[in-house]
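Okay, so here's the structure we're looking at.
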C-alpha cells in the first residue's frame, strides 16, 4: 500500500504574500521541500526555535532547516559591533514557496531564545572571535 503524499502548505490570501507558491508548484524540478512546512508545522518550528538552549543547538537547527526544508539562515554580528541584541543579525534567505510571515517568525523566535538565554549570544560572539580568548 502506498503512503499518502505529505500535506503541503495552503496558499496565502491573494495579495498578502509574495511567496510564489503557485509558480513553485508548477515549475518542474523546483525544490518543493518548503511546501511541507504547513501552518501547524510552522508553529511547532517556532516553538522549537524559542526553546534553543545553546549555540550548538542553534547550529543544529540551522542545518536541519536546510536539510529538511531548504531554508538558509545567516546568523552573525553587525559590522558596527554588538552592544545589545540588536547587533545580532538573523537573516532567512528568500526562496520560492517561503511565506513572508515565516521569514519574519523564524528570526523573531531565534532572537527570543537569545533574549532569555544570553549565553547563546556570548557563544556566538566567541565563535566570531569578538571576545578573544
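Readers should treat all values here as calculations from the given coordinates under stated rules, not as data from a laboratory. Being a predicted model, the structure only gives us computed values, none of them experimental. Cβ placement follows ideal geometry from the backbone for every residue including glycine, while neighbour counts extend to all protein chains displayed.
Between residue 63 and residue 32, the distance separating the two model label sites (each 7 Å from Cα on the Cα→Cβ line) works out to 2.9 nm.
A Förster radius of 30 Å, combined with the Cβ-Cβ distance separating residue 127 from residue 47, puts the computed FRET efficiency at roughly 0.75.
Protection proxy ranking, highest mean first, for peptides 25-33, 54-62: 54-62, 25-33, where packing is the per-residue count of other beta-carbon atoms within 10 Å, averaged.
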